[in-house]
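Here the structure is laid out as structure tokens; the discussion comes afterwards.
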Amino acid sequence: AQKVTQAQTEISVVEKEDVTLDCVYETRDTTYYLFWYKQPPSGELVFLIRRNSFDEQNEISGRYSWNFQKSTSSFNFTITASQVVDSAVYFCALSDSGGSNYKLTFGKGTLLTVNP
Amino acid sequence: KAGVTQTPRYLIKTRGQQVTLSCSPISGHRSVSWYQQTPGQGLQFLFEYFSETQRNKGNFPGRFSGRQFSNSRSEMNVSTLELGDSALYLCASSLASRTDTQYFGPGTRLTVL
């Protein structure tokens, strides 16, 4: 069965600090996809990144970066020089290769609060 | 391109009633999935529709049902509402493949009194 664990329930930082959100996943599939979504107070889940299991290259997008390590089944997300607008709940999610039971499995989320 | 839209945004119902929620996917997207979000259980998959057929279903009672129309718009229905059905219901659309990225709508906040 698929499982996503986000051990950090809440994180509070001061603006301009760097912050890393942890994500550990479990799956029996060799082909799978990992995602990060952001949920601001408005409620809509905003897509941030999608990564397949065969691509372990780290990715950077502006202040955001992602570290994918299959050896430790982790897909961590780092925000550099955090800003107040980064305050939201962040979800890590996993989907399999498209078998009969395809679905997105989400972690419980990490509430990030960036204080001015 | 317009995003995923959901109507209504807020609903208040009483126990025993039924409710229908609507979702319009991004233009060109043919797959629609529904999720329930509660503080206790987090985000849980309800079902997925593709080409008017339910392609996958989560572990929810039969009171939860859905359908998809030929224009890919989808509705979900909850009958005989219970207090525990109070939640944010999120709809997501994707192109077609089960592995395509899902894009979410703003959700419908359902309160059952």
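A short reminder: the numbers here are calculations on the coordinates, not readings from a lab. Predicted, not measured: the structure shown is a model, and the values here were computed from it. Every residue, glycine as well, gets a Cβ built from its backbone with ideal geometry; the counts of neighbours run over all protein chains shown.
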Is there a simple number for the mean count of other chain Cβ atoms within 10 Å of the Cβ of residues in B:99-109, and what is it? 5
When the dipole is taken about the Cα centre of the protein assembly as shown, and only Lys, Arg (+1) and Asp, Glu (-1) are charged at their Cβ, what size is it in debye, to the nearest 20? 740 debye
Alpha-carbon centroid distance for the pair region B:89-109 / region A:57-72, whole angstrom: 24 Å
For the pair residue B:2 and residue B:96, the simple spin-label estimate (label points 7 Å beyond Cα toward Cβ) gives in nm 2.3 nm
Once both labels are modelled 7 Å past Cα along the beta-carbon direction, what's the residue A:58-residue B:59 spacing in nm? 3.7 nm
Going by C-beta contacts inside 10 Å, put A:74, A:82 in order with the fewest on the left. A:74, A:82
Cut-off 20 Å, label point 7 angstrom out along Cα-to-Cβ of residue B:10: give me the residues of region B:76-110 whose amide nitrogen falls inside. B:83-91, B:105-110
Linear extension gain, residue A:31 paired with residue A:17, 0.36 nm per residue minus alpha-carbon span: 1.6 nm
Signed unit charges on C-beta, dipole axis of region B:65-111, positive-most listed residue B:93, B:106, B:81: B:93
What's the magnitude of the charge dipole for region A:11-99 around its Cα centre, counting Lys and Arg as +1 and Asp and Glu as -1 at the beta-carbon? Answer in Debye, nearest 20. 80 debye
How high is the relative contact order of chain A? Use alpha-carbon pairs under 8 Å, at least six apart in sequence, and give a whole percent. 38 percent
With contacts defined as alpha carbon pairs under 8 Å and 6 or more residues apart, what's the relative contact order of chain B in percent? 36 percent
Positive-end extreme of charge dipole, the protein assembly as shown - chosen from B:72, A:23, A:76 (charges on Cβ): B:72
Which residue, A:80, A:72, A:20, has the most motion in a Gaussian network model of chain A that connects Cα atoms within less than 10 Å? A:72
Please get the size of the charge dipole for region B:29-113, origin at its Cα centre, with Cβ charges of +1 on Lys and Arg and -1 on Asp and Glu, quoted in debye to the nearest 20. 140 debye
